[in-house]
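Let me begin by presenting the structure, written as structure tokens, before commenting on it.
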Amino acid sequence: MASATSGPRWLLAELTYKCPLQCPYCSNPTDYTRYQSELTTEEWIQTMRQARDLGAVQLGFSGGEPLVRKDLEQLVAAAHEMGYYTNLITSGIGMDAQRVADLKEAGLDHIQISFQASEEVLNDRFAGTKAFQHKKEMAREVKAQGYPMVLNFVLYRENIDRIEDIMDLALELDADQVELANTQYYGWALHNREGLLPDREQLAAAQASAEKYQEKYQDRCRFLYVIPDYYETRPKACMSGWGNIFLNIAPDGSALPCQGARQMTHIDFPNVRNRSVKEIWFESNAFNVYRGDEWMRDPCKTCEHRHEDFGGCRCQAYQLTGDARNADPVCSLSPDHELVTQAVEKAQKEEMSRSVKVAFRNPKNAKQLLLNDSG
């Protein structure tokens, strides 16, 4: 079992699982309603300070919707004083011009606003509430108050064909950077995969459009196109390796090597309420179990790329094969690769894929999924 030689560099603070939106591609766990006991302001500040003492330099405030927390400005101010570079990852709901100003005064460095689509009807349908016009207003407000304009559009079957409209909207809003992020299948997104996964033709056309716009508008805006894992043949170096640089703290204080790890029920994840961040990072089984390469099986164990991709995503291996020690099924060398290719082939069957209904992220659906899982 390998041990870390240095502390975390990136801290993600999932302040809450509460959110006014109901996006069916959300990466939050489907059983998020189980986790009601959120860290207090002081517990968050203590956790941030301990991670900073270990060398963490970047801090993302996420959720759920982090704006739900009334103490967000206080947490931002504390992080700024500690020397973090801070980023707010938000839907923009719960924000107004005064709150943007308050966050700026507190020392927030960066705001990223997410959209569900390029036009109001589809955006609001996938958000589960009227949000589109407010998002546009807040994007303009963020720009007006001196922040770089950073937007995120999650791509899925129903909006990916409108990618040029999405990029046109970003240009209209004078965005500096746009992440065109194809859905990655964890949490609610995995549950809704059949209703979200685009087909090959859609992805090829979208990527060509993104490249065209990037070349044409490179002096105005940076367009980052993120391909979904399922259409790759090599796995991503997920989080730069398990327990290598990334530390995620969930709303209840559970410490995770990534946002998707909570699904791994075979691991007892430590909590910052009863263990220090230093002890968690260096000594806990949860952070050491998939560090290095001693845990690997073939084909990863003898693969020449094992120190580049670290065997791929442990969460994806677990959720698709039931064993996190297996190779990420995205990899074409994985004996379980057909689990991914079968999902892709299913997405090609238009008459089937277009009729799939998605479950929106809300307490009612979360409770129903819990009932289903328990039999």
Qualifying residues in the stretch 35-79 (those that are of a type in the set (Ser, Thr, Tyr) and surrounded by 17 or more Cβ atoms within 10 Å (Cβ to Cβ)) - the one modelled with the lowest pLDDT: 35
From 27, 6, which residue is in a loop (DSSP other than H, G, I, E, B), among the polar types (S, T, N, Q), in contact (Cβ under 8 Å) with a residue 12 or more places away in the chain and closer than 30 Å to residue 368 by Cα? 27
Contacts under 8 angstrom Cβ, first residue in the stretch 245-256 being within 17 Å of residue 32 (Cβ to Cβ), partner basic (Lys, Arg) and buried (at least 21 other Cβ atoms within 10 Å of the Cβ), 6 or more apart: 250/262; 254/262; 256/262
Taking the stated definitions as given, is residue 22 in a helix (DSSP H, G or I) and at pLDDT 95 or above? no
Considering only residues of the stretch 227-257 that are aromatic (Phe, Trp, Tyr) and in a helix (DSSP H, G or I), which is most open to solvent (accessible area, probe 1.4 Å)? 231
Just give me the residues in the stretch 290-314 being on the phi > 0 side of the Ramachandran plot and surrounded by fewer than 24 Cβ atoms within 10 Å (Cβ to Cβ), in sequence order. 292
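Those residues that are of a type outside the set (D, E, K, R) and either touching a Ser or Thr at 6+ places or on another chain (Cβ under 7 Å) or farther than 23 Å from residue 53 by Cα (or both), I need them from the stretch 275-295; list them, please.
Matches in the stretch 275-295: 277, 282, 288, 289, 290, 292, 295.
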Within the stretch 197-212, track down each residue that is out of contact with any helix residue (DSSP H, G or I) (no Cβ under 8 Å at 6 or more places or on another chain) and open to solvent by 60 Å² or more (accessible area, probe 1.4 Å). 201, 204, 207, 211, 212
For the subset of the stretch 315-329 comprising residues that are open to solvent by less than 10 Å² (accessible area, probe 1.4 Å) and in a helix (DSSP H, G or I), which member is nearest to residue 259 (Cα to Cα)? 315
Anything in the stretch 128-140 that is touching a residue at least 24 places away in the same chain (Cβ under 8 Å) and either of a type in the set (Phe, Trp, Tyr) or in contact with a Phe, Trp or Tyr (Cβ under 9 Å, 6 or more places away or on another chain) (or both)? List them, or say none. 128, 131, 135, 136, 139
Scanning the stretch 9-19 residue by residue, those in contact with a helix residue (DSSP H, G or I) (Cβ under 8 Å, 6 or more places away or on another chain) and in a loop (DSSP other than H, G, I, E, B) turn out to be 15, 16, 17, 18, 19
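For a quick check of your reading: which helices (runs of 4 or more DSSP H) sit entirely within the stretch 85-162 and have at least 1 residues that are open to solvent by less than 50 Å² (accessible area, probe 1.4 Å), of a type outside the set (Lys, Arg) and touching a Gly at 6+ places or on another chain (Cβ under 9 Å)?
Because the criterion is at least 1 residues that are open to solvent by less than 50 Å² (accessible area, probe 1.4 Å), of a type outside the set (Lys, Arg) and touching a Gly at 6+ places or on another chain (Cβ under 9 Å), the helices (runs of 4 or more DSSP H) in the stretch 85-162 that meet it are 132-144.
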Quick one: residue 287 ticks every box in (1) of a type outside the set (A, V, I, L, M); (2) open to solvent by 10 Å² or more (accessible area, probe 1.4 Å); (3) touching a residue at least 12 places away in the same chain (Cβ under 8 Å) except a single one, so which number is it? (2)
Condition met for residue 82 (farther than 28 Å from residue 330 by Cα, out of contact with any Pro (no Cβ under 6 Å at 6 or more places or on another chain), surrounded by 15 or more Cβ atoms within 10 Å (Cβ to Cβ) and modelled with pLDDT under 95): no
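The values are calculated or read from the model by the stated rules, or taken from the named source; none is laboratory data. All values reported here derive from a predicted model rather than from experimental measurement. We place every Cβ from the backbone using ideal geometry, glycine too, and count neighbours over all the protein chains shown. Surface accessibility is based on the protein's heavy atoms, side chains included, excluding ligands, DNA and RNA. Shrake-Rupley method; radii C 1.70, N 1.55, O 1.52, S 1.80 Å.
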